[in-house]
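The values are calculated or read from the model by the stated rules, or taken from the named source; none is laboratory data. On a predicted model such as this, the values are computed, not experimentally measured, just so you know. FYI the Cβ positions are ideal-geometry reconstructions off the backbone, even for glycines, and counts take in every protein chain you see.
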Amino acid sequence: MIEKYKQYTIPSIIIVVIFTLTLVLLKPILGKTLSLSKENKDNAKMVAKLVEKSEKLKAVDQAEIESKVLAVENVFPSRKPVLNLLASLEQLSLDEQVGFAGIELKPGQIDEKVKSKVQNFDISFSVEGKLNNISSFINKLEKTSPLMRINKMDLNMISESSLSSNLKIVLLVKVFYQLPPDDVGKLDAPFPILTQDEVNIIERISAFKSPPALKPNAPTGKKDFFSSFSNDNQGD
Amino acid sequence: MNSINFLKDKAVAIQRKSKVIFWLNLSSFIFLGLYILVLVVSFSYQLILKKQADDLERKFQAAKQEVESLSGIETKQVYLKNKLTSLQDILASQKENQQITEAVFNLIPEGIAINGFIIDEKGGVSFSASSKSFRAVKDFLDGMESTSQIGDLVFSQIKIKNINYDAEKGYSLGIYLSFKG
């Protein structure tokens, strides 16, 4: 009986060897190979993305982007622009020859939960002058930094002869600002390209009227506006 | 006398069996050989992939370092993108306010006094117009009636809320205007 099965010894041993090798070697090798292959594919994509991103970053004109940031920051600041606002309104009323009075500022609080969203506060004031001057003042108000939007307007004409007499207008204006984004996104996030509409906006706001520069007497704030981001990135 | 040789059949059967066993053993070895070849190829492929992974890791670190060294530019661009997205909406709503103001100023003729001119948050305009001259009031109303559009602004509603007459103060009208879009 044993003799009968002895002749199948070699194939049997080979089957056992193959089975054992499959469990001990082939299965782990195949598993590792598959995971490495997937990892390599993902990493190759990631490297391609990073290389493309660094090419785009290198192609950016540093001076140009800085001037764009300054233009945007001037009109749509990252901090509540109270002093600049007052200076702008005063300057505009002088330029447009209207009397500027009765200012009421409601600066409110920064909503920390929605840091990246638009923040605003209300200001109401009255101006007095001729219809043409007031019309021009209203027209230029929304083209003056910081960014403002007339929300409500209350005009009282003092006499029937509208063009020659003085008018008084009370304006409720919303003033806008926005805190800078907290982070620059993921490392492999695509480099954000500005659309033509956005470039047009920068051109449009570059023509906004700015108040004369206010120089603080005491040292204030950071010298480098973006310093916190650079430090954060290095820390990561 | 015929004889039957059973030994010959057995010898053939044994020969056939040993041939089968030979082929079975041979094919087992061939199979083992092929299996070992697959094993070696798989292992080699794994080594190649490991080397590729190391190369990619080096390239990744280099690219990462380069992107990080340019993070100042990226920060500024993200800042611009973020702010410009918000600016788009604000500027669009601004344009409307200016147009409304200009449109209504253009509607007011000489001889009409305007009081309580208010643009509300929805862009609707309400005001009261007064004049001692009936002719001026009529011209003003005719002008409003015949105007359906000023510039890009199309009126959706011109509502005269009230008309009063006072012997001393003359005529006064409460007016509300709203615009399409």
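Just one of the listed residues (B:56, B:32, B:37, B:49) is part of a helix (DSSP H, G or I), more than 10 Å from every other protein chain (Cβ to nearest Cβ) and under 26 Å from residue A:27 (Cβ atoms), namely B:37. State yes or no: is residue A:135 modelled with pLDDT of 90 or more, of a type outside the set (A, V, I, L, M, F, W, C), in contact with a helix residue (DSSP H, G or I) (Cβ under 8 Å, 6 or more places away or on another chain) and crowded, with 17+ Cβ neighbours inside 10 Å? Taking the combined requirement at face value, the residue does not satisfy it. Sort out which residues of the range A:75-84 are part of a helix (DSSP H, G or I) and either closer than 16 Å to residue B:82 by Cβ or under 14 Å from the mean Cα position of the chain (by Cα) (or both), and write them in order of number. Answer for the range A:75-84, where residues must be part of a helix (DSSP H, G or I) and either closer than 16 Å to residue B:82 by Cβ or under 14 Å from the mean Cα position of the chain (by Cα) (or both): just A:75. Among the residues of the range B:144-181, how many are surrounded by 11 or more Cβ atoms within 10 Å (Cβ to Cβ) and part of a strand (DSSP E or B)? Here the count works out to 21.
Here is a yes/no grid of residues against (1) within 30 Å of residue B:51 (Cα to Cα); (2) not hydroxyl-bearing (Ser, Thr, Tyr):
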| residue | (1), (2) |
| --- | --- |
| A:27 | yes, yes |
| A:31 | yes, yes |
| A:38 | yes, yes |
| A:46 | yes, yes |
| A:54 | yes, no |
| A:59 | no, yes |
| A:86 | no, yes |
| A:103 | no, yes |
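Of B:36, B:48, all but one fail to be farther than 30 Å from residue B:122 by Cβ and either modelled with pLDDT of 95 or more or in the same structural domain as residue B:119 (by TED's automatic domain parsing) (or both); the exception is B:48.
The single residue among B:65, B:15 that is assigned to a helix (DSSP H, G or I), within 46 Å of the chain's Cα centre (by Cα) and among the polar types (S, T, N, Q) turns out to be B:65.
The single residue among B:118, B:108, B:36 that is within 30 Å of residue A:76 (Cα to Cα) and among the β-branched types (Val, Ile, Thr) turns out to be B:118.
Does residue A:26 meet the test of being surrounded by 13 or more Cβ atoms within 10 Å (Cβ to Cβ) and closer than 30 Å to residue B:65 by Cβ? Give the steps one after another, and end with the answer.
On the way: surrounded by 13 or more Cβ atoms within 10 Å (Cβ to Cβ): yes; closer than 30 Å to residue B:65 by Cβ: no.
Judged against the criteria, residue A:26 is not a match.
Residues in the range A:177-193 that are more than 14 Å from residue A:54 (Cβ to Cβ), part of a loop (DSSP other than H, G, I, E, B) and modelled with pLDDT of 85 or more: A:179, A:192, A:193.
One residue stands out in the range A:85-101 among those that are surrounded by 21 or more Cβ atoms within 10 Å (Cβ to Cβ) and part of a helix (DSSP H, G or I): the one that is farthest from the chain's Cα centre (by Cα), namely A:89.
Take the range A:194-206 and flag every residue that is facing chain B (nearest Cβ under 8 Å) and not in a helix (DSSP H, G or I).
A:194
Checked against (1) surrounded by 14 or more Cβ atoms within 10 Å (Cβ to Cβ); (2) more than 7 Å from chain A (Cβ to nearest Cβ); (3) modelled with pLDDT under 85; (4) closer than 20 Å to residue A:175 by Cα, residue B:92 passes all but a single condition, namely (1). Only residues that are in a loop (DSSP other than H, G, I, E, B), surrounded by fewer than 21 Cβ atoms within 10 Å (Cβ to Cβ), facing chain A (nearest Cβ under 8 Å) and modelled with pLDDT of 70 or more were counted across the range B:109-131, and they come to 3. Is it the case that some residue within the range B:11-22 is among the polar types (S, T, N, Q) and surrounded by 12 or more Cβ atoms within 10 Å (Cβ to Cβ)? The answer is no; no qualifying residue exists.
Has the range B:81-89 got any residue that is more than 20 Å from residue A:60 (Cβ to Cβ) and more than 7 Å from chain A (Cβ to nearest Cβ)? Yes: the range B:81-89 contains one or more residues that are more than 20 Å from residue A:60 (Cβ to Cβ) and more than 7 Å from chain A (Cβ to nearest Cβ).
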